[in-house]
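Worksheet: one structure, shown below.
The values are calculated or read from the model by the stated rules, or taken from the named source; none is laboratory data. Quick caveat: nothing in here was measured; it's all calculated off a predicted structure. Glycine gets a Cβ as well: all are built from the backbone with ideal geometry, and neighbour counts include every protein chain shown. Note: accessible area is taken over every heavy atom of the protein model, side chains too, but ligands, DNA and RNA are not part of it. Shrake-Rupley method; radii C 1.70, N 1.55, O 1.52, S 1.80 Å.
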Amino acid sequence: MDRSDFLFKEVCLKDQFDNLEKHTQWGIEFVDRYSKFVKERSEIETSYAKQIRNLSKKYQPKKNSREEEENRYSSCRAFVSTLNELNDYAGQHEVISENLTANIVAELSRYLQELKSERKSHFHDGRKAQQQIESSWKTLEACKRKFERDCKEAERAQQHFEKMDADINVTKADVEKARQQAQGRHQMASDSKSEYSAYLQKFNQEQNDHYYSVIPNIFQKIQEMEERRIERVGDCMKTFADVDRQVLPIVGKCLDGMTKAAESIDAKTDSQLVVESYKSGFEPPGDVDFEDYGQAITRTVSETSLSNSRESKEKLGGKSKGKLWPFIKNKNKGSGPEDFSHLPPEQRRKKLQGKIDELNKDIQKEMDQRDALTKMKDVYVKNPAMGDPASVDPRLGELAQSIEKLQYEVQKFEGWLAEVEGRMPSKSDPQRRQSGLYQTTAQNNTPMGSNCAQDRESPDGSYTEEQSSETQVKAQAPSANPGPLPTSSTPEFDDEFDEEEALPTIGTCKALYAFEGHNEGTISVAEGELLFVIEEDKGDGWTRVRRNEDEEGYVPSSYVEVFLESNAKGAMTYI
């Protein structure tokens, strides 16, 4: 039972004013304590939502090629969906915190001020009424004492008059004086009696009003104030539960989304993606024939055996080694050559096809810009007031060069793709490939140059299957592909700890032009950027530079101005 359920009428009769004052003060402190409780709950919800959001953000996939590759799998996509749903789930706890603060904490804070002010007013009226009745009581006591004193004075005066009147030795004048004094005292006593009687009647009325009207009204107001306080606390407690209940449907949807994401995982599809991703396209080697050393006969080897493949490679390539893809570990994780010849056939085909699709998209964008500028130029020609047609020509020229360059890149990659798919002669026939490139460039009026066929080694330490010939485009402006990326010969070791050592800087360089660096192994630079040189040009048109500890790669030598240190001992090659 709440302490406010006192019978206020009994309290009024017993005048328990101090007890009520203590009780109402306790009520205010209770409201303040409950407000602090809700505030702390709100802070906990905010902190929890923040931690959930940080957790979701921490495990969100990064924007890099590896994460994009992993996002193909249904389990990874389900995990991303779970993280997104968890982020929405955190948002609902933020809603709880906001509603608790706005609907309870803020409201109770305003109500507490009103409650304190109302309580102060009621008890001020009560104290004032008590002071008035006490003052009236003191006045009544004073009137009573005055009436008593006047009565005693009148009695003494009467006794003195009777004594003077009985004494024969007292003159008549003295007796008359004593009689007049006695009559005056009697009159004063009569006046005091009337005054005392009137004030007594007034006091009794005031006292009756005080105990039966004024104080009960004040206590009634205090009782109503307490009842409103209790009801307000009850409403806040109900709101406290409703705030949680309002977000339950959305929280349920978030949990349903997590369940749906988990149910969308398809193990068969994911495993098939792995098969497609790592399918090499190599044919298994044939059976190895029995070689009888006891007979002086020529040993024969099956055409598809590994040893036959190795011997044929040594005959054709000279220094090149046979490449046994299924048995080679990729120990060097550096970037591969531009034609992806370091990859297995199937993976190489996918990479080349993807590169062709990317280049075709770039060509389409450039063509759309060219068509738009052409239309603009036609409008300027028909209406010179709108603009100068000649102002569009420089940009059209740049677009033409860019389209021509991209088309050449597409033809180059299509040639490599045709080799993989068996539609073109192998790369060991450099004469036919060079002639085809000459015909292509002759149509574009661009002089071509070719390098002699040479062995190329892939970054993983293994050699390509055939010899290759490289071509370069010699334009007036510095080319973005001045030559094949330099590669290094990496011997194969059985251990897996042969990491690259950091190369020392041998100088600095300044970028003369901006370079995009789309190819693997290259690094993009901005015009005017200063970089460290760690390997100078070895005649292949590329210079190796470093921006910081984690960013290094090759840039065209014609794109930078190199300043070598005087005491530099030269660049080191890859270990």
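Restricting the search to the stretch 82-98, which residues are more than 27 Å from Ser264 (Cα to Cα), open to solvent by 40 Å² or more (accessible area, probe 1.4 Å) and in contact (Cβ under 8 Å) with a residue 60 or more places away in the chain?
Correct list: Val95 only.
When Ile218 is evaluated against the numbered criteria (1) open to solvent by 50 Å² or more (accessible area, probe 1.4 Å); (2) among the hydrophobic types (A, V, I, L, M, F, W, C); (3) closer than 30 Å to Ser121 by Cβ, which criterion, by number, is the only one it fails?
Of everything listed in (1) open to solvent by 50 Å² or more (accessible area, probe 1.4 Å); (2) among the hydrophobic types (A, V, I, L, M, F, W, C); (3) closer than 30 Å to Ser121 by Cβ, Ile218 misses just condition (1).
Only one of these is within 30 Å of Val38 (Cα to Cα), of a type in the set (Asp, Glu) and touching a residue at least 24 places away in the same chain (Cβ under 8 Å): Glu227, Glu206. Name it.
Details: Glu206 fails: within 30 Å of Val38 (Cα to Cα).
Testing whether each residue is within 30 Å of Val38 (Cα to Cα), of a type in the set (Asp, Glu) and touching a residue at least 24 places away in the same chain (Cβ under 8 Å) leaves just Glu227.
Which of the residues that make up the stretch 118-169 are small (Gly, Ala, Ser) and without any contact (Cβ under 8 Å) to a residue 60 or more places away in the chain?
Going residue by residue through the stretch 118-169, those that are small (Gly, Ala, Ser) are 121, 126, 129, 135-136, 142, 154, 157, 166.
Scanning the stretch 118-169 gives Ser121, Ser135, Ala142, Ala154, Ala157, Ala166.
For the stretch 44-81, give me each residue that is surrounded by 14 or more Cβ atoms within 10 Å (Cβ to Cβ), of a type in the set (D, E, K, R) and over 15 Å from the mean Cα position of the chain (by Cα).
Glu45, Glu70, Arg72, Arg77
Take the conditions more than 30 Å from Val31 (Cα to Cα) and either touching a helix residue (DSSP H, G or I) at 6+ places or on another chain (Cβ under 6 Å) or open to solvent by 90 Å² or more (accessible area, probe 1.4 Å) (or both) and apply them to Lys193. Does it pass?
Numbers: more than 30 Å from Val31 (Cα to Cα): yes; either touching a helix residue (DSSP H, G or I) at 6+ places or on another chain (Cβ under 6 Å) or open to solvent by 90 Å² or more (accessible area, probe 1.4 Å) (or both): yes.
Yes: the conditions hold for Lys193.
Condition test on Ala241, is it at pLDDT 90 or above and either in a helix (DSSP H, G or I) or over 30 Å from Val105 (Cβ atoms) (or both)? Walk me through how you get there before you give the answer.
Working: at pLDDT 90 or above: yes; either in a helix (DSSP H, G or I) or over 30 Å from Val105 (Cβ atoms) (or both): yes.
When the stated conditions are applied, Ala241 passes them.
How many of the residues making up the stretch 502-531 are charged (D, E, K, R) and in contact with a strand residue (DSSP E or B) (Cβ under 8 Å, 6 or more places away or on another chain)?
3
Could you tell me whether any residue of the stretch 121-133 is among the β-branched types (Val, Ile, Thr), under 21 Å from Thr24 (Cα atoms) and either surrounded by 16 or more Cβ atoms within 10 Å (Cβ to Cβ) or in contact with a Cys (Cβ under 7 Å, 6 or more places away or on another chain) (or both)? Full working, then the answer.
So in the stretch 121-133, the residues among the β-branched types (Val, Ile, Thr) come out as 133.
With the extra rule that they be under 21 Å from Thr24 (Cα atoms), the set shrinks to none.
No, there is no match, as no residue in the stretch 121-133 is among the β-branched types (Val, Ile, Thr), under 21 Å from Thr24 (Cα atoms) and either surrounded by 16 or more Cβ atoms within 10 Å (Cβ to Cβ) or in contact with a Cys (Cβ under 7 Å, 6 or more places away or on another chain) (or both).
Hey, among the residues in the stretch 513-556 that are among the acidic types (Asp, Glu) and part of a strand (DSSP E or B), which one's most open to solvent (accessible area, probe 1.4 Å)?
Applying the first criterion (among the acidic types (Asp, Glu)) to the stretch 513-556 yields 516, 520, 527, 529, 535-537, 540, 549-552.
Cutting the leftovers down to part of a strand (DSSP E or B) gives us 535, 552.
Details: Glu535: 18, Glu552: 69 Å².
Only one residue fits best here, namely Glu552.
Would you mind stating whether Lys510 is at pLDDT 85 or above, open to solvent by 80 Å² or more (accessible area, probe 1.4 Å), out of contact with any helix residue (DSSP H, G or I) (no Cβ under 9 Å at 6 or more places or on another chain) and of a type in the set (Lys, Arg)? Please lay out each step first, then the result.
Working: at pLDDT 85 or above: yes; open to solvent by 80 Å² or more (accessible area, probe 1.4 Å): yes; out of contact with any helix residue (DSSP H, G or I) (no Cβ under 9 Å at 6 or more places or on another chain): yes; of a type in the set (Lys, Arg): yes.
Answer is yes for this residue.
Which residue pairs have Cβ atoms closer than 6 Å, lie 6 or more positions apart in sequence or on different chains, and pair a first residue in the stretch 409-420 that is under 13 Å from Phe340 (Cβ atoms) with a second residue that is open to solvent by 20 Å² or more (accessible area, probe 1.4 Å)?
Close Cβ pairs (under 6 Å, with a partner that is open to solvent by 20 Å² or more (accessible area, probe 1.4 Å)) amount to Phe413/Lys355; Val420/Pro345; Val420/Arg348; Val420/Arg349.
Given the residues Lys377, Lys365, which is the only one that is part of a helix (DSSP H, G or I) and under 41 Å from the mean Cα position of the chain (by Cα)? First the steps, then the outcome.
Working: Lys377 fails: under 41 Å from the mean Cα position of the chain (by Cα).
After ruling out the rest, the residue left standing is Lys365.
Within the stretch 100-120, can you find the residues that are in contact with a Gly (Cβ under 9 Å, 6 or more places away or on another chain) and open to solvent by 20 Å² or more (accessible area, probe 1.4 Å)? Lay out the reasoning, then the answer.
Applying the first criterion (in contact with a Gly (Cβ under 9 Å, 6 or more places away or on another chain)) to the stretch 100-120 yields 115, 119.
Within the stretch 100-120, Arg119 is the sole residue that qualifies.
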